[in-house]
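Have a look at the structure below, then the notes.
The values are calculated or read from the model by the stated rules, or taken from the named source; none is laboratory data. These numbers were taken from a predicted model, which means no experiment stands behind them. A quick note on method: Cβ atoms are made from the backbone with ideal geometry, for glycine too, and the neighbour counts reach across all protein chains shown.
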Amino acid sequence: MYRGNVLARRVRFAFALVALSTCGACSKQGRVPVTAMKPRPMRISLPNRVALSYVDQGDENGRPVLVLLPGLTDSWRSYERVLPHLPASNRVIAVSLRGHGDSDRPETGYRTKDFAMDVVELLAMLRIPRAVVVGHSSASLVAQRLAIDNPGRTAGIVLEGSFTTLRGRKEVVEVVASTIAPLQDPVTPEFVRKFATGTISRPVPQSFMDAMVQESLKVPARVWKEAFAGLLLDDHTSELGAIAAPSLLIWGDQDALIGREQQDALASAIPESRLVVYAGVGIPPTGRTPLASQPTSSRSWIRSRNTTGRDLLPEITAFGSAGRSGPFPVPCSPTAP
């Protein structure tokens, strides 16, 4: 399916590493050792005068570079439990998008295209010509946009718990209207914790959940509202055929909001794509209009661990991340169509 040149082989290898590294069971079996690397916290001012917070890990000359993008309200710390499983030979950059974490919070500019342009400028500032871009949930649309508009910058994309569009999805529109649109500052810890815990189907360490709640509390109400409102408008469906980069789609079969039909639509539309399905992972169904049903939190994948201690973190890196969903030498017995 992929070109047989050196770059394509390197991208496939990076995808495989990500797939393996995001599975705790595999690492326990000794296939992917946990590294003692310390991510390097960084902050950089872009030409558009927005400063982004990120961490930089691994060999600065490692190729391909993996860029990890968290979903709405999450920061780079969503990937904190994944980073130790990634090989030191790869350079990995986990980003807090504008308005999130310790990045700047400009008054406007929270559409997918704005996030994508920030990533392009970040790569240019870091002198990274190409990267494998991993986007979780809402950030998967950022990865799509980047691959469509900047094919020369995109060595590959990983779409974790992704979708074509949420436009016209009545149940999502209702949740945003009833729970996000009324938000005022300060956003309360009770609201954020309910939002966070509602998006996981399996328990995670309390310390990690507490840290993620604190990160989401950094996001002002206006960013919650503008970003969610913009997400309901974005639709790249007609442009997906322009994505030339190898694309890995990762999805969990317990996702009650983003269904299998969305994955099939993406796989059909993106030329060089492959879908990997992980069983027992996803945003759980509830009998209410759930904050739990938001497709916008990377927590539900990144934090999820099953009772055997297996990390379900597919969303986490390039071709082969394994979390919410997830190809390649596949860890932890996902089911591939």
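Collect the residues in region 50-97 that are charged (D, E, K, R) and over 17 Å from L217 (Cβ atoms), keeping them in residue-number order.
Scanning region 50-97 gives D56, D59, E60, R63, R81, R91.
If E171 satisfies all but one of (1) surrounded by 15 or more Cβ atoms within 10 Å (Cβ to Cβ); (2) touching a Ser or Thr at 6+ places or on another chain (Cβ under 9 Å); (3) modelled with pLDDT under 95; (4) in a helix (DSSP H, G or I), what's the number of the condition it fails?
(1)
Across region 266-296, what is the total count of residues that are in a loop (DSSP other than H, G, I, E, B), modelled with pLDDT of 50 or more and closer than 18 Å to I157 by Cβ?
3
Given (1) outside any helix (DSSP H, G or I); (2) surrounded by fewer than 21 Cβ atoms within 10 Å (Cβ to Cβ), where does E190 come up short, assuming only one miss?
(1)
Could you list, in sequence order, all residues of region 186-205 that are touching a Lys or Arg at 6+ places or on another chain (Cβ under 8 Å) and closer than 23 Å to A229 by Cβ?
A196, T199
Select from region 235-250 the residues that are in a helix (DSSP H, G or I) and touching a Leu at 6+ places or on another chain (Cβ under 8 Å) and list them in ascending order.
Residue satisfying the conditions is L240 alone.
Could you count how many residues in region 251-265 are outside any loop (DSSP other than H, G, I, E, B) and crowded, with 24+ Cβ neighbours inside 10 Å?
So the answer is 3.
Looking only at residues that are farther than 15 Å from L97 by Cα and either modelled with pLDDT of 95 or more or of a type in the set (V, I, T) (or both) in region 29-46, which one is surrounded by the fewest Cβ atoms within 10 Å (Cβ to Cβ)?
Only one residue tops the list, namely V34.
Residues in region 65-93 that are in contact with a Lys or Arg (Cβ under 8 Å, 6 or more places away or on another chain) and not in a loop (DSSP other than H, G, I, E, B): how many?
Total meeting the criteria: 3.
Name the single residue that is surrounded by the fewest Cβ atoms within 10 Å (Cβ to Cβ) among those in region 47-83 being charged (D, E, K, R) and more than 20 Å from A139 (Cα to Cα).
R49
Anything in region 193-209 that is part of a loop (DSSP other than H, G, I, E, B) and more than 19 Å from R81 (Cα to Cα)? List them, or say none.
G198
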